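Here is the structure we will look at, set down as structure tokens.
Read the figures in this text as sums done on the coordinates, not as results from a lab. Bear in mind the structure is a predicted one, so any value in this text is a computation, not a measurement. Backbone-built Cβ (ideal geometry, glycine too); neighbour counts: all protein chains shown.
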Amino acid sequence: MEDLLKVENLRAGIDGKEILRGINLTVRPGEVHAIMGPNGSGKSTLSGVLAGDPRFTVLGGSATLAGVDLLGLSPEDRSHEGLFLSFQYPVEIPGVTMVNFMRAAINAKRKYLGLEPMSAADFLKTMRQKRAVVELDNKLASRSVNEGFSGGEKKRNEIFQMAMLEPRVAILDETDSGLDIDALRIVAGGVNKLKTDQNATIVITHYQRLLDYIKPDFVHILYKGRIVHTGGPELALELEEKGYDWIKQEVDNEQI
Amino acid sequence: MSRSDNAFNQYLDLVRDNAAVMAKGRPALLEAVNKAGASRLAEAIEAYKPASDEIPECRLDRLFAPDYGVNIARVPMTADVAASFRCGVPQLNSLLAVVANDIFRPTDVLMRNMPEGLTVCSLRQVPAEFEADAAALLADGADKNSIAGAISDALAHDGIYVRVAPRTEIEKAVQIVNIFNSPVPMLTPRRLLVHACEGSKVKILLCDHTQTPAVQHLNLQNVYIRVDAGAEVEFYDIEESSAATHRLFSFRAVQHSDSRLTVNTDFLSGGVTRNEFDISVPGDGAYTSLSGLAIVSDEQICSDSVVLRHLGSHCTSRQIFKNALFDKGRGAFGGRIVVDEAARFTDAAQTNRNILESPSARMEASPQLEIYCDEVKCSHGATTGQLDERALFYMQARGIPRDEAKRMLTQAFMVDVIDNISFEVLRQRLHILVEKRLSGASADCSTCATACHSQAPEE
């Protein structure tokens with residue numbers, strides 16, 4: 001099967017400090033990958049670098065989405081090519097309504113693909129359908145983007161946007177943080193509904209908890225900017241039980 | 001300063017050399033203003049010193065320096081623009097008056113639909129019963145401390161007098177469209193006097209247009225509004241002019257007890273604009289709202305200065321001015337709130353926020369409070385910064401191109417100034433206009449929010 005996302009020896013940093021020290025990751029259609037790791041291991045840097053966050057500098061390596069070089073594209077073009085990042089901290093944008101924000105996003109993608117803008121009626125219909133995926137209140141659509149949203153609403157709003165944009169690869173960065181158990185169920189349920197055999201999901205998380213709802217095919221452990229362990233779902237359970245110390249020891253001993 | 005290199009003397013010479021031309025058909029009302037202006041001008045020229053903190057292009061000696069023609073012989077515009085001008089949007093449904101360069105032209109729409117209790121006329125044709133009122137407004141509204149005020153008075157040969165009778169509410173907006181159309185550089189003195197009598201209500205919309213964008217123009221506009229006890233005035237001013245247009249706009253108002261005054265000024269395009277607002281509130285329990293937005297691009301300049309004097313007690317004032325500066329655009333905001341000893345329980349707030357969208361854009365803000373009374377609540381704040389990079393990246397990550405994201409964030413930045421406008425048709429129109437302006441649409445009559453459009457005069 002064709003690789004959807006292929007990351008090879010990716011190195012990146014911030015403010016002159018190297019954080020990712022050679023990441024290798026291959027994601028195929030229909031797969032769910034979980035990336036776990038202790039604080040500061042580079043999980044959010046990896047998602048930021050793939051999405052084109054200008055705070056990070058790429059130092060080497062490559063990343064392709066269905067054969068297209070991601071690192072040479074602007075963040076908006078990465079999105080158009082089918083990459084989606086669910087933010088750990090969704091940004092509040094006072095004065096820009098969710099409707100206008102989403103319409104601009106959808107129509108920019110359609111323009112990129114050489115399609116006509118979506119009609120107002122179709123757009124509102126799609127909004128209605130996709131809101132249902134995460135049980136997002138209609139009232140939120142007329143409010144400013146994320147402004148005054150609760151933590152749970154912000155995360156549901158991320159998955160709603162994912163539903164609207166229908167990405168090929170979605171990266172969920174700590175989507176479970178700040179969620180109570182009901183919100184977690186709704187968010188995870190939304191992600192599962194959007195899963196097809198054509199797309200793929202990368203779940204970045206600290207805890208095994210989310211993986212009870214979103215079942216991964218592969219679990220990777222990120223430590224000191226490298227993927228140091230890859231296994232099946234059982235690896236997440238092992239981490240939950242034993243913590244990260246055994247991984248740290250294993251890696252640190254190798255380095256000596 | 002020697003006589004030859006003084007920008008102002010040309011105007012003094014002009015009125016001295018053309019006394020007979022100016023006197024022709026001139027009513028006593030304007031004669032008094034011209035004489036008072038000329039005598040103040042001679043003194044003001046001697047005393048003139050530019051303020052050290054002004055943007056150089058906004059200095060009065062720079063603004064008045066070009067060799068402008070002044071239409072003292074009252075030659076009408078070649079084409080009968082006033083007759084062919086009409087409002088293209090029925091919803092606005094305003095009472096339209098036109099100032100063709102410097103000459104007032106009432107439209108048929110206005111004359112046919114003049115509501116009971118409303119007077120809108122030229123200062124050359126004030127009805128006898130209101131002559132004393134107009135004379136008092138002219139005297140009270142004179143800008144006595146500025147050389148620009150002296151020139152404006154010395155050259156005044158027309159103007160608009162608006163009176164709203166006591167306890168009369170004018171539902172439709174009085175819309176005044178200033179049109180500039182001239183083959184040669186020209187200074188146009190324009191004057192608007194408004195008297196909102198006790199308990200009356202009126203909305204006034206002033207629009208600046210230029211039909212000959214390449215010709216240098218100095219728009220010397222004076223507005224004076226007297227808001228009597230319990231009266232309510234909304235005043236909106238939209239400038240959409242050309243890079244060759246310089247505008248010196250002096251707005252003065254006095255508010256009596258329990259009155260309300262709303263002023264909104266929007267700079268959408270122009271060359272060099274200097275707006276001065278001077279509002280005195282001797283009455284008790286009055287409410288004042290002042291707001292403005294400016295989108296300054298290319299090499300445009302927009303400078304706003306506000307002096308708000310609270311003299312009566314229990315008054316409230318709110319000010320919000322927002323500027324977005326692109327390219328080599330420059331802006332200035334000077335805001336002074338003066339709270340007099342007698343102005344107990346004043347509640348005054350002023351906000352100025354600016355966004356620099358280019359490294360070569362400049363903004364200077366100087367908010368000031370002068371408080372001579374203890375029992376007051378006053379606040380002011382000024383911030384100048386850039387668009388939020390996190391918000392830009394978030395929008396880009398959703399596929400919105402960076403330029404469009406910037407435009408959306410700039411529009412969002414302006415939104416509270418626009419939403420503050422209670423005149424609904426204008427508010428909706430302004431949303432569209434700001435969006436168009438930010439997306440780079442040229443600012444001309446066809447894109448103007450107020451949607452008055454001129455038609456070519458018929459042969």
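Peptide A:89-95 is shielded by partner chain Cβ atoms: per residue, an average of 6 of them sit within 10 Å of its Cβ.
For B:R362, B:R112, B:R252, the sequence from fewest to most other C-beta atoms within 10 Å is B:R112, B:R362, B:R252. Note on the protein assembly as shown: Cα-Cα pairs beyond 49 Å make up 32% of the total pair count.
Ranked by the mean number of other Cβ atoms within 10 Å of their residues, highest first, the peptides B:423-436, B:142-155 come out as B:142-155, B:423-436. For the protein assembly as shown, the Cβ-based charge dipole about the Cα centre amounts to some 720 debye (Lys, Arg positive; Asp, Glu negative; other atoms uncharged). Counting Cβ atoms of other protein chains within 10 Å of each Cβ in B:384-392 and taking the mean gives 3. In straight-distance terms, cross-link reach from A:K195 covers every one of the lysines whose alpha-carbon lies under 26 Å from its own, apart from those fewer than eight places away in the same chain; here that gives A:K6, A:K43, A:K109, A:K111, A:K125, A:K130, A:K154, A:K155, A:K215.
For region A:188-256, the share of alpha carbon pairs falling in successive 5 Å distance bins from zero is 3, 14, 25, 23, 15, 10, 5, 3, 1, 0 percent. Qualifying GluC sites (Glu not before Pro) in region B:311-394, where qualification requires a DSSP coil assignment and no more than 11 other C-beta atoms within 10 Å, comprise B:E341, B:E375. Using the Cβ-Cβ distance between B:E375 and B:K49 with R0 set to 51 Å, the FRET efficiency works out to roughly 0.85.
Averaged over peptide B:407-418, the number of partner chain Cβ atoms lying within 10 Å of each residue's Cβ comes to 3.
Hey, could you get me the Stokes-Einstein D for region B:9-389, Kirkwood radius over alpha-carbon pairs, 4 °C and 1.567 mPa s, rounded to whole µm² s⁻¹?
Values: Rh = 21.2 Å.
The Stokes-Einstein estimate is 61 µm²/s.
Placing a label point 7 Å from the Cα of B:Q386 along the Cα-to-Cβ line, the residues of region B:347-372 whose backbone N sits under 20 Å from it are B:353-365.
Between B:K172 and B:E129, the FRET efficiency estimated from the beta carbon spacing at R0 = 30 angstrom works out to 0.80. Each stretch of four or more DSSP H residues adds -39500 (n - 2.57); spread over every residue of chain B, this sum gives -7000 deg cm²/dmol at 222 nm.
Here region A:5-255 has an Rg and Dmax of 18.1, 61 Å, counting Cα atoms alone. Ranked by the mean number of other Cβ atoms within 10 Å per residue, highest first, peptides B:173-186, B:219-232 order as B:219-232, B:173-186.
In a reduced charge model with +1 at each Lys and Arg Cβ and -1 at each Asp and Glu Cβ, chain B shows a dipole moment near 380 debye about its Cα centre.
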